[in-house]
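Novice: This is the structure, below, for whatever I ask next.
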Amino acid sequence: MRVVNIKELKARLSSYLRDVGKGDELLVTDRGRICARLGPPGHPGDSSAGATKTGTDLVARLAAMGARLPLRPRRLADYQRPGENSGLTTRQIDDLLDQARGER
């Protein structure tokens, strides 16, 4: 495993990526502190080694990290603004928003 600083990595990126593609692993340093590790895909130290990540795997990882997940999948209607057919006037919508925000 080789150690390389950011400045040298930027200057010779193509060469280092070829080496990584051949199986080498690099530790990247910034002002003497290790800030990244570069290795080939599927390397034993790689968290994505083995099975491919599915949507369920990613959701489980996000939940384990404490991310707030949506209660249900998003629908197209979630992204549409209320229009003329919504039955609400602009004033009514403003009032509802004020109530929801606790402004009234």
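The values are calculated or read from the model by the stated rules, or taken from the named source; none is laboratory data. Keep in mind that what you see is a predicted model, and the values were worked out from it rather than measured. Because the Cβ atoms are built from the backbone with ideal geometry, glycine has one as well, and the counts that use them run over all protein chains shown.
Novice: Tally up the residues in segment 28-48 that are surrounded by 13 or more Cβ atoms within 10 Å (Cβ to Cβ) and modelled with pLDDT under 70, please.
Specialist: Selection size over segment 28-48: 2.
Novice: Does segment 52-71 contain any residue that is under 30 Å from VAL3 (Cβ atoms), surrounded by 11 or more Cβ atoms within 10 Å (Cβ to Cβ), modelled with pLDDT of 85 or more and among the basic types (Lys, Arg)?
Specialist: Within segment 52-71, not a single residue is under 30 Å from VAL3 (Cβ atoms), surrounded by 11 or more Cβ atoms within 10 Å (Cβ to Cβ), modelled with pLDDT of 85 or more and among the basic types (Lys, Arg).
Novice: State whether one or more residues within segment 79-91 are modelled with pLDDT under 75 and hydrophobic (A, V, I, L, M, F, W, C).
Specialist: Within segment 79-91, not a single residue is modelled with pLDDT under 75 and hydrophobic (A, V, I, L, M, F, W, C).
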